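Some notes on the structure that comes next.
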Amino acid sequence: MLVRLLYASRAVDASAAAIESILAKSREHNPATGITGILCYGRGIFLQAIEGSRSAVNALYGTILRDPRHQDVELLLFEEIGERRFGGWTMGQVNLSRLNASIVLKYSEKPELDPYAVSGAASLSLLEELMATASIVGRTG
Ligand SMILES: Cc1cc2nc3c(=O)[nH]c(=O)nc-3n(C[C@H](O)[C@H](O)[C@H](O)COP(=O)(O)O)c2cc1C
């Protein structure tokens with residue numbers, strides 16, 4: 001049975017090197033556990049979608065919660081799903097600072113990524129829009 005989980009957090013170290021090392025770990029681990037998803041970051045905030053079996057998603061979320069490289073981890077959405085939306089990415093990445101702010105503005109009051117201020121459904125819609133506009137890099141599937 002498949003589930004999708006969406007959370008937001010604040011980076012402790014938002015350097016390119018820190019984010020690269022998180023992505024490298026994700027791409028190393030996720031294929032074996034069947035996890036797919038997207039990691040989006042901008043202005044020191046992470047927005048991540050994780051899909052996979054309920055057990056694998058729960059286990060990974062537990063690990064992520066304890067990771068000292070970010071804080072204020074807030075669960076935005078958890079749902080059972082019939083199919084994956086981000087199945088082509090072992091962990092796709094989006095650097096929002098390189099994007100047109102209008103994509104973010106479409107789903108929020110301000111043109112800045114702030115998943116703490118909007119609904120989980122709005123954050124998921126933003127991720128889908130990023131996928132539709134080919135803003136996600138790191139496709140491996
Ligand atoms: C924002 C964020 C997203 C992460 N996403 C993943 C992920 O998708 N998959 C993963 O295996 N680890 C992810 N991690 C890293 C885990 O928290 C943990 O550090 C890693 O899985 C431990 O790997 P190791 O035991 O090989 O050192 C993420 C960490 C952060 C801070």
Exercise for the section: Tally the residues that are surrounded by fewer than 13 Cβ atoms within 10 Å (Cβ to Cβ) and near the ligand (Cβ under 10 Å from one of its atoms), restricting the search to segment 69-94. Expected result: 1
Practice task
Inspect segment 40-50 for any residue being touching a Cys at 6+ places or on another chain (Cβ under 6 Å) and closer than 17 Å to GLY138 by Cα and give the result as yes or no.
Solution key: yes
Exercise for the section: Filter segment 99-120 down to residues that are touching a residue at least 12 places away in the same chain (Cβ under 8 Å) and crowded, with 16+ Cβ neighbours inside 10 Å, then give me how many there are. Expected result: 9
Fill in the blank from the handout: Flagged in segment 42-64 as within 17 Å of PRO115 (Cα to Cα) and surrounded by fewer than 22 Cβ atoms within 10 Å (Cβ to Cβ), in numbering order, are GLY42, ARG43, GLY44, ILE45
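Throughout, read-outs are computed from the coordinates displayed, never taken from laboratory work. Computed from a predicted model, the values in this text were never measured in an experiment. For neighbour counting, all protein chains shown are included, and Cβ atoms are generated from backbone atoms with ideal geometry for every residue, glycine included.
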